[in-house]
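Novice: This is the structure, below, for whatever I ask next.
The values are calculated or read from the model by the stated rules, or taken from the named source; none is laboratory data. What you are looking at is a predicted structure, and each value in this text was computed from that prediction instead of being measured. Cβ atoms come from the backbone with ideal geometry, glycine included; neighbour counts cover every protein chain shown.
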Amino acid sequence: MSQPYRIAVINDKGGVGKTTTSVLLAVALARQSGKRVAIENTDGQGSSVRWISRLVAAGESPGKLGLCLYDARRKRAVWAKATHQSATSLDVVLVEDKDRDDAPEIIVTDTPPAEGRRNDYASLPADLFVIPLLLSSEDMNVALGTLQSLRVAFGKGVDARLLFNRVKSGSSDMRDIKAFRQQTKVPAFDAVLFDSRAIARAQVLGWTALTRAGASAPVKAVADEVIAIIGGASK
């Protein structure tokens, strides 16, 4: 690919797991696709940056995995090799590997809620829009509104898909999701992210927390669908 494939994780509502989805999807794509994957943080809170920092501080190597950050202002990848403690806060600061400048092949963008981007959908062009949502009437209505806004901004052919998050395993949630999809006919991922403490902890403790708890399968399933979508788009 001459240009990186862009994935935007977006929803007009906050609190639906956009950052967790962005980070875990990026890690899974780097592990499963064999491509260089970058996380672009635009949510204003620097959540994705902090996650990569924790990963490096814990002794993991995002660079070896093929995972980096994307600096939209400078339009370049930032590969981290170490961290140091900030002199002004409790955060750790990434030390850039300036000897590495290879460009990402996939960019996953963690977007802010609507108020953070003033509903400017056109400023977030992507090849694929992932809309994480929770299984509640309010969340489903907002997600449908987000989908409609993307279609207005980019046309009805825009590739935007719902991703159900925090689904309770062993409950009626899967039946409710099936009914919702049949009723609305909206595009959605077949895989879902379950309501798992391991998934929540993975944002703080890294991917190893997910694998140790045996909870990585749903994330890998979503990544597999995305890889298939990318493969179809490149033909």
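Novice: If you go through the stretch 194-235, how many residues are assigned to a helix (DSSP H, G or I), modelled with pLDDT under 70 and surrounded by 20 or more Cβ atoms within 10 Å (Cβ to Cβ)?
Specialist: So the answer is 4.
Novice: With respect to the numbered conditions (1) touching a strand residue (DSSP E or B) at 6+ places or on another chain (Cβ under 8 Å); (2) among the small types (Gly, Ala, Ser); (3) modelled with pLDDT of 85 or more, which one is the sole condition not fulfilled by residue 34?
Specialist: Failed condition: (1).
Novice: Considering only residues that are within 26 Å of residue 18 (Cα to Cα), modelled with pLDDT under 80 and surrounded by 11 or more Cβ atoms within 10 Å (Cβ to Cβ), which ones fall in the stretch 87-117? Steps first, answer last, please.
Specialist: We begin by selecting, within the stretch 87-117, every residue within 26 Å of residue 18 (Cα to Cα); these are 89-96, 103-117.
Restricting the remaining residues to those that are modelled with pLDDT under 80 gives 89-96, 112-117.
Listed by number, the residues that qualify are 91, 92, 93, 94, 95, 96, 112, 113, 114, 116, 117.
Novice: Restricting the search to the stretch 118-150, which residues are over 13 Å from residue 12 (Cα atoms), surrounded by 14 or more Cβ atoms within 10 Å (Cβ to Cβ) and out of contact with any helix residue (DSSP H, G or I) (no Cβ under 8 Å at 6 or more places or on another chain)?
Specialist: 126
Novice: What pairs come up if the first residue lies in the stretch 125-144 and is over 18 Å from residue 168 (Cβ atoms), the second is part of a strand (DSSP E or B) and small (Gly, Ala, Ser), and their beta carbons are under 6 Å apart, counting only those six or more places apart or on different chains?
Specialist: As it stands, the answer is 126/8; 129/8; 129/160, since those pairs meet every condition given.
Novice: Next question, about the same structure. Which ones in the stretch 159-173 are touching a strand residue (DSSP E or B) at 6+ places or on another chain (Cβ under 7 Å) and either modelled with pLDDT under 95 or exposed (fewer than 15 other Cβ atoms within 10 Å of the Cβ) (or both)?
Specialist: Step one: list which residues in the stretch 159-173 are touching a strand residue (DSSP E or B) at 6+ places or on another chain (Cβ under 7 Å), which gives 159-165, 167, 169, 173.
Within the stretch 159-173, 165, 167, 169, 173 qualify.
Novice: Quick one: would you say residue 17 is in contact with a helix residue (DSSP H, G or I) (Cβ under 6 Å, 6 or more places away or on another chain) and modelled with pLDDT of 75 or more?
Specialist: No: the conditions fail for residue 17.
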